[in-house]
Amino acid sequence: MQKLTRRNVITTLTATSVLLCPAVLNAHKDEDFSWGPSVDTSKPTGQDRLVMLKDRSEPVDVTDLGLGQVAVVGVPTDHPDYFSTGMVQYVAILRRSPSQIAAAQKSDRTATVEDQRYLVVNLVCPHKGFAIGITPMEDRPFACTKEGKRHHSIFDSWGFGVHGKSSGEYMSVPKYTLDIEGDVTKAVLTLA
Ligand code: FES
């Protein structure tokens with residue numbers, strides 16, 4: 001079983017320091033968010049942890065994922081949907097924070113998930129298939145790495161498009177199982 005180790009790959013994030021300041025997060029505009037000019041559109045960025053699998057059936061222990069943190073699991077695939085991500089299926093698992101869970105009470109998003117404590121989604125944009133990255137915005141934690149007026153999709157903590165070309169669409173969900181013991185004394189993700 002793969003055990004996630006703390007491997008910080010956030011350093012590639014090039015969002016402005018203003019957007020990283022909690023005091024102004026609620027005041028941001030979606031169009032203000034930017035990865036910067038050097039972002040790679042073929043793979044996710046901004047995640048707390050990354051683990052690459054050779055075999056998709058290999059379980060990944062995500063027990064130590066903190067509230068609001070996102071881990072990404074990558075696995076080779078021959079599915080054409082992943083052409084723009086180098087034939088790698090990147091899957092994000094977000095352990096929702098209390099405010100991310102509370103946000104569901106104001107919407108119909110809860111109907112789309114099995115367990116409110118976690119969101120598991122493919123990091124491939126519903127628009128044209130470029131990679132989706134992890135933002136520092138708690139209420140909008142996912143954004144397409146392809147920017148510009150004809151792209152720039154941003155998604156909430158339920159994987160729902162709230163800005164850009166994927167507005168009104170959900171990020172796709174992979175087949176998976178998530179075994180959770182008790183109050184998350186153990187959490188193991190397995191892709192199908
Ligand atoms: S590919 Fe993501 S918004 Fe166009």
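What ³J(HN,Hα) values, in whole Hz, does the Karplus curve 6.51 cos²θ - 1.76 cosθ + 1.60 give for segment 137-152 when θ = phi - 60°, with x put for Gly and Pro?
8, 4, 7, 9, x, 10, 8, 5, 7, 8, 10, x, 4, 8, 9, 6
With each pseudo-label sitting 7 Å past Cα toward Cβ, what's the A192-K29 distance in nm, one decimal?
4.3 nm
Residues of segment 71-104 with backbone nitrogen within less than 20 Å of a virtual label 7 Å along the Cα-to-Cβ line of V173, please, listed as ranges.
71-74, 89-104
Tell me the trypsin sites (Lys or Arg not before Pro) within segment 50-136 that lie in a loop according to DSSP and have at most 11 other beta-carbon atoms within 10 Å.
K54
No lab work stands behind these numbers, since they all come straight from the coordinates. Predicted model only: the values in this text are computed from it and were never measured. Note that we place each Cβ from the backbone using ideal geometry, even for glycine, and neighbour counts take in every protein chain shown.
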